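Below you'll find the structure, written out as structure tokens, and then a few comments.
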DNA sequence: TGTACATCAGTGAACGCGCGTTCACTGATGTAC
DNA sequence: TGTACATCAGTGAACGCGCGTTCACTGATGTAC
């Protein structure tokens, strides 16, 4: 097989090919829409190199796919932080982080699928997925803890963060898995609704004892009407930054 | 290949093998934990039959896997209805349905994965997944509509049902995909928390205009405290059944 | 300044596998006469 | 009651494919003397 379109790296520059393989593998991953559509032969061919060359830079196929997905994943934390930078308070910061999370997943559906929707691999492959999970949960946990500090959530942050993670993951993964389902036209608005719903639900629920039984639906409806009426005349209190400090 | 342990069906009883293939394929699907681990050779061998026999009853492998998954899926609707049968009101009925949904997914993780977490197949395979999606969404939509009727939700049921679906799907799929993540010990309690969170969030959010901006976190915290205090002295109003009718 | 040599990036050919699927066939079973 | 025949459930062998991975190798490049 002739290595078309690529001149061999000079000594010491072997890592050039590594980067090129990552780039090409990501291209193929996105095109195929699934990691099983990525082939070492395909990657090597598009990189202008023979198949065994891949093994000079990656232990095996799984290591290559993992490296591709993780390289994108690093940006998620920064995106969430950037999105929350201008938030007026920690609760809105959490909402913005949630939005950023879903958007990130929808922007990188194949990566999201590989890292977050795959069954846990037996060997080293599981590593990347576990790292990704810990990573994004940690970001949510921080944001939840800030909400607890400012009083909008009560109690332990961990279970709240897990629940919120499940909620944003649900929106992300369902939209990825069922793109042909009749979703609302205003997809961004829908996602925002999902995120707000989870945040508001967490705020209420963190005030209730576990399993506490609620009033019947008619009465609950009335109490909720009162709450929302109370929320309406809002907005003229001191501004605090995302840490809950007075500005 | 000797067909061990199986005597050929009598004339007119060809469908016996079909049932047996479904049974065996489900076994293998559960054992493998993934549809790519199911093999026509494997299915045929365990059924005591040669591989091409499968084609007498299923168009191809995808049709077999689909049939296996859908055969289980039919039970989901009944499970949700059963779970909600004793609910004191539609809102609690919705909660119980949500719990039943998640439990069903966790009881059949491989089926759930195939039908709800896979990328949409190009051809007929996508059919089963689309049917499953429509089916369980329809159940949730009914329950949400009942909540709207009784006033605990306001506005259009569709977007609410979609958001709630995303929430319960999120808990289900995340628990399936990340079984090794440090989840709370009380998994049932955690799932209940997720479901309640979504339901309560939907109730509050359905009263707010889209994108309506909330008071700052400190004030929001106070309003929520008031709400929950109001919920506490509850419980002595007339009992209604799941349709919101007076009992 | 020239040359032998170690190193490094990559090659080429092959191995071995398991898979879905096809196709011509067989032999038991019921039915029509 | 006996027999030819159509039907039906299933067989056996093979096709063709693409895959991940291995292994002995090559040839350019830099370096030590």
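All of the numbers you see were taken from the coordinates with simple rules; none came from a lab. Because the structure is a prediction, the values reported are computed rather than measured. Please note: Cβ atoms are built from the backbone with ideal geometry, for glycine as well, and neighbour counts cover all protein chains shown.
I need the shape label for region A:143-183. Rule: rounded when a/c is under 1.5, else prolate if a/b > b/c, else oblate, with a, b, c from the alpha carbon gyration tensor. Note, shape of region A:143-183 comes out prolate. Let me know the whole percent of all Cα-Cα pairs from region B:144-235 that are separated by more than 21 Å. Result for the distance tail: 47 percent. Normalised Debye scattering of region B:86-189 at q = 0.10, 0.15, 0.22, 0.24 Å⁻¹ gives log10 I(q)/I(0) of -0.32, -0.69, -1.18, -1.28, counting only Cα atoms as equal scatterers and leaving out solvent. Taking the label point 7 Å along Cα→Cβ, residue B:31 and its counterparts in the other copies are spaced 3.8 nm apart, in ascending order. The P(r) of region A:1-143 has a tail past 20 Å containing 53 percent of all C-alpha pairs.
Rounding to the nearest 10 and keeping the result within 0 to 90°, find how far the Cα-based axis of helix A:217-232 lies from the longest principal axis of chain A. The helix A:217-232 is inclined about 80 degrees to chain A. Placing dummy labels 7 Å off each Cα toward the beta-carbon, the span from residue A:181 to residue B:149 is 2.4 nm. Among A:219, A:46, A:95, the residue with the largest mean-square fluctuation in a Gaussian network model of chain A, with springs joining Cα atoms closer than 10 Å, is A:219.
Taking springs between alpha-carbon atoms closer than 10 angstrom, which of B:135, B:81, B:186 fluctuates most in the Gaussian network model of chain B? Of B:135, B:81, B:186, the Gaussian network model singles out B:186 as fluctuating most. Estimated translational diffusion coefficient (Stokes-Einstein, Kirkwood radius over Cα pairs, 37 °C, 0.692 mPa s) of region B:176-222: 244 µm² per second. Taken along its principal axes, the alpha carbon cloud of region B:17-56 reaches lengths of 25, 16, 14 Å, longest axis first. Between identical copies, the spacing of residue A:52 label points, each set 7 Å from Cα toward the C-beta atom, reads 4.0 nm from nearest to farthest. Computed over the alpha carbons of region B:101-159, Rg followed by Dmax gives 14.4, 42 Å. For chain A, modelled as a GNM whose springs connect Cα atoms under 10 angstrom apart, the maximal fluctuation among A:137, A:181, A:190 occurs at A:181.
Mind checking the mean number of beta-carbon atoms from other chains within 10 Å of the Cβ atoms in A:130-136?
Partner Cβ neighbours, averaged per residue: 2.
Take the convex hull of the alpha carbons in chain A; its mean projected area over all directions comes to 18.5 nm².
Modelled this way, with points 7 Å down the Cα-to-C-beta line, the labels at residue B:156 and residue A:135 are 3.7 nm from one another. Helix B:61-84 versus the longest principal axis of chain B: what is the Cα-based angle in degrees, 0 to 90, to the nearest 10? Rounded to the nearest ten degrees, it is 30. Note: the protein assembly as shown, Cα convex hull, 180 Å³ per residue. Simple spin-label estimate for residue A:9 and residue A:85 gives 3.3 nm between the two label positions (7 Å along the Cα-to-Cβ direction from each Cα). Shielding value for A:175-182 is 6, the average number of Cβ atoms from other chains within 10 Å of each residue's Cβ. Taken residue by residue and averaged, Cβ atoms of other chains lying within 10 Å of the Cβ of A:205-214 number 6. Could you estimate the translational diffusion coefficient of region A:58-131 from the Stokes-Einstein equation, with Rh from the Kirkwood formula over C-alpha pairs, at 10 °C and 1.306 mPa s, in whole µm²/s? My calculation gives 119 µm²/s for D.
With all projection directions averaged, the alpha carbon convex hull of region A:65-105 covers 2.7 nm².
Position residue B:210: other-copy label points at 3.9 nm, ordered by increasing distance, label point 7 Å along Cα→C-beta. Roughly what angle does helix A:187-205 make with the longest principal axis of chain A, taking Cα atoms, 0 to 90 degrees, to the nearest 10? Long axis of A:187-205 versus the principal axis of chain A: about 50 degrees.
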